[in-house]
Amino acid sequence: MGTGFQHAVYGGDRLSVGRPANAVDAARLWGSRSVQNPCPFVGCRMPVPLLGGSLVVPAGRLVVRRCAGALCSVEVVRAVSMEGQGGNPRGSGLARNEHTAEQSESMKTTVNLPNHAPTAPQTSEAHSSANRLDPSGHPVPGLDGLLTALQWRYATKRFDPTRRIPPEVWSALQQALILSPSSYGLQPYRFLVVEDPGIRRELLPHSWEQPQIVEASHLVVFASRTEMTEGDVDALVRRTSETRGVPPATLDGYRSAMVGDLVRGPRSKVAAEWAARQAYIALGTLLAAAPLLGVDACPMEGFSPGEYDRILGLEGSGYRSVVVAALGYRAGDDRYATLPKVRFDERTLVQRR
C-alpha cells in the first residue's frame with residue numbers, strides 16, 4: 001500500500017480521495033470524526049453523510065493503510081472546502097477544490113473496517129455490543145456487528161459476474177444451510193447448487209429474465225418434499241440413532257408422533273406446504289449468515305417452479321422447487337445498494353401482549 005495521498009478533490013456530488021485502493025470502496029461517516037455503521041467487510045459500498053452533506057465516495061477511492069487480523073485501517077481525506085461549511089463545499093472559493101497530499105494530511109479520518117467475518121465467540125458474553133477477541137485473537141462482532149451486517153445487506157439486483165465466493169466461505173454458508181432448524185428435525189428439503197452455466201442460462205427465461213440467475217457466483221434452488229412418508233420418518237430415526245448412539249427402539253415414541261402428525265394425521269393433507277415452510281426457514285438462515293461473511297444474496301420467488309422442476313430433474317422425485325437464492329458480490333453499478341431500507345417502525349411490527 002502507498003503511504004501518501006495524491007490529492008483530495010470535491011467535484012459536483014462526489015468526493016475523490018487518495019490513491020485507488022485495492023479493496024475498499026466506501027465507508028459511512030457521521031460528523032467530522034466519529035464513525036457509525038461502517039461497511040462490514042472489505043469491498044462494500046455505502047452512502048457517506050459528511051458534515052451534513054450526502055456524498056458517495058466512488059469505488060476505489062479510499063486508501064487502505066494496513067490490515068491486522070480482521071481489521072483494515074482506512075484513511076479518508078476530507079476536502080478543505082468541507083471544513084466549517086456545514087456540508088456546502090462549493091462556497092470555499094478554492095480553485096477546483098484540489099489539494100496536495102501535504103495540504104490534505106491534517107484532514108484525515110481513520111476508519112476501522114472489518115476485513116472478514118470473525119469466528120463466533122466462545123464465551124457467554126457473546127451478546128455484548130462491544131467487540132471481543134476470540135481464542136485466536138480475532139475480533140468478534142457484538143450486537144453492533146450483527147446489526148451493521150443486516151443494515152448492509154439488501155436483495156442484490158446485479159452481481160459482479162467476475163467475482164466468485166471463495167471455497168472456504170461457501171463451505172461455511174453451506175454448513176449454515178445444513179445447520180438450519182426444521183420442524184421435528186426432519187429436514188424435508190434439498191439444496192440444489194446450480195453450478196453449470198448452461199443450466200443457468202436455461203433457467204433464465206423461466207426466471208423473468210432476472211440477471212442474478214446467471215451473474216451470481218452461486219445459485220441455490222430450495223426443493224421441498226411434496227409429501228411425507230414413513231420412509232422419511234425412518235431416515236431421521238436411523239440418523240438420530242447413529243449420531244447420538246442410542247438404540248432405535250428408544251425413539252419409537254418420537255417416530256409415532258411424527259407419523260401420526262405428518263403421514264397419517266390431518267397435517268398429511270398439507271404436508272407439501274409444511275415442507276415448503278421448513279425450506280423458507282433454511283433460506284432465512286442463509287440470508288442472515290451471508291452478510292456476516294461479506295456475501296451478498298437475493299431471495300427469489302419470481303420463477304416458474306414447473307419449468308425449474310423439469311430442467312433440474314425434479315419431476316417424479318418427491319421434491320419440488322419452492323424458492324431460489326442467488327449469492328455473490330454486488331456489482332458496482334447496482335443502484336439498489338445505497339438506497340435506504342424501508343421498514344415499518346418497531347412499534348408497528350413488534351407488539352407485546
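Please treat every number below as a calculation from the coordinates, not as lab data. Only a predicted model underlies this, so the values are computations on that prediction, with no experimental measurement involved. Heads up, the Cβs are rebuilt from the backbone with ideal geometry, glycines too, and the neighbour counts pull from every protein chain shown.
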From the options V270, V259, V324, V295, residue that is exposed (fewer than 15 other Cβ atoms within 10 Å of the Cβ) and either of a type outside the set (F, W, Y) or touching a Leu at 6+ places or on another chain (Cβ under 6 Å) (or both) = V270
ask   = Give me the pairs: first residue in region 341-353 and free of Cβ contacts under 8 Å to residues at least 12 places away in the same chain, second residue outside any loop (DSSP other than H, G, I, E, B), beta-carbon distance under 9 Å, and six or more apart or on different chains, which are they?
value = R343/L349
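Would you pick out the residues in region 332-353 that are surrounded by 13 or more Cβ atoms within 10 Å (Cβ to Cβ) and either of a type in the set (D, E) or touching a strand residue (DSSP E or B) at 6+ places or on another chain (Cβ under 6 Å) (or both)?
Initially, region 332-353 is screened for residues surrounded by 13 or more Cβ atoms within 10 Å (Cβ to Cβ), giving 332, 334, 337-338.
Answer for region 332-353, where residues must be surrounded by 13 or more Cβ atoms within 10 Å (Cβ to Cβ) and either of a type in the set (D, E) or touching a strand residue (DSSP E or B) at 6+ places or on another chain (Cβ under 6 Å) (or both): D334, A337.
Residue by residue, here is whether (1) in contact with an Asp or Glu (Cβ under 9 Å, 6 or more places away or on another chain); (2) within 16 Å of P305 (Cα to Cα) holds:
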| residue | (1), (2) |
| --- | --- |
| V221 | no, yes |
| E230 | no, no |
| R239 | no, no |
| P247 | no, no |
| D252 | no, no |
| R255 | yes, no |
| D261 | no, no |
| S268 | yes, no |
| A272 | yes, yes |
Output for region 229-260, where each listed residue is in contact with a Ser or Thr (Cβ under 8 Å, 6 or more places away or on another chain) and either under 30 Å from A325 (Cα atoms) or part of a loop (DSSP other than H, G, I, E, B) (or both) = V246, P247
query = Quick one: would you say G316 is touching a residue at least 12 places away in the same chain (Cβ under 8 Å) and either on the phi > 0 side of the Ramachandran plot or not polar (S, T, N, Q) (or both)?
reply = no
